[in-house]
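Reviewing the structure listed below.
Throughout, read-outs are computed from the coordinates displayed, never taken from laboratory work. Fair warning: this is a prediction, and the values are worked out from it, not measured in the lab. As a convention, Cβ positions derive from the backbone with ideal geometry for all residues, glycine included, and neighbour counts pool all protein chains shown.
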Amino acid sequence: MLMLVASGLYATGYDLSKFSGLAKQRYGTDAYNTTLELDQLLSRLKSAPEADKLKEINSFFNRKISYAEDVDVWGQADYWATPLEALGLGAGDCEDFSIAKYTFLKILNVANDKLRLTYVRASLPSKGSSVIRAHMVLSYYSTPQSEPLILDSLVSDILPASRRKDLTPIFSFNDKGLWVGNSSKPRSDAVSHLSRWRDVLARIAADGIE
């Protein structure tokens, strides 16, 4: 049965009725069922240890979204999709995976200051060699000074950053701050400086997630 999930149950207000209703209206029954499956997962994880929340949310979105370039999905060179859009179409690129994981870990009461969307240079295998490519992952910091754990669409296991030699951080951000490289102190406000981030946060709110 659909219900409105009160914001008091989660750190972030999550209107399941609106989110699922929009999924069905825009994308059909399969997308609607995916949102109900996600809600069942959220209910099961509400009181779980944070390690379980990270593992299950990472796995869910890696299974439900197939990698696709923005130009193929949206006809644009760079488009940041909301979790509803990514789940509805079942497709997205690295930003879309990371945004969805960030959003729903916050819903599960993982503190915002533990989560950063991180742009990296990724060394990817290519025809017996490697190619450097811009990539985004979600980083989790158990404390501000901790080595981050990396939630990635390319690698299913959640690993400490020191075990991801293929990734070099450029900058990271959440809805409060922006960090450069490996700095532990934010340089500025990300929402003010990143127009795509500001835009996708507004569209996420319009989908029922505050």
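Summary of computed values
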| read-out | value |
| --- | --- |
| Net length gained if the chain between LYS185 and SER162 were fully extended (0.36 nm per residue, minus Cα distance) | 6.3 nm |
| Test item: Cα-centred dipole of the chain, Lys/Arg +1 and Asp/Glu -1 on Cβ, debye | 480 |
| Radius 10 Å from Cβ of GLU95, net charge of other residues (Lys, Arg +1; Asp, Glu -1) | -3 |
| Hits among lysines - C-alpha to C-alpha of LYS127 under 24 Å, sequence gap 8 or more where chains match | LYS165 |
| 20 Å Cα-Cα threshold exceeded, pairs from LYS53/LYS101; LYS55/LYS114; LYS53/LYS185; LYS64/LYS101 | LYS53/LYS185 |
| Total formal charge among the other residues, if their Cβ is under 12 angstrom from that of LEU22, Lys/Arg +1 and Asp/Glu -1 | +1 |
| Neighbour-count ranking [beta-carbon atoms within 10 angstrom, fewest first] of PHE171, PHE19, PHE60, PHE97 | PHE171, PHE60, PHE19, PHE97 |
| Antiparallel %, DSSP beta bridges [both residues in segment 7-206], to 5 | 95 |
| Helix-only [θ]222 nm of the chain, DSSP H runs n ≥ 4, -39500 (n - 2.57) each, per residue, nearest 500 | -12000 deg cm²/dmol |
| Estimated D of the chain in µm² per second, where Rh is the Kirkwood radius over Cα pairs and Stokes-Einstein applies at 4 °C, 1.567 mPa s | 74 |
| The chain: most fluctuating residue of GLY181, GLY92, GLY13 per GNM, C-alpha cutoff 10 Å | GLY181 |
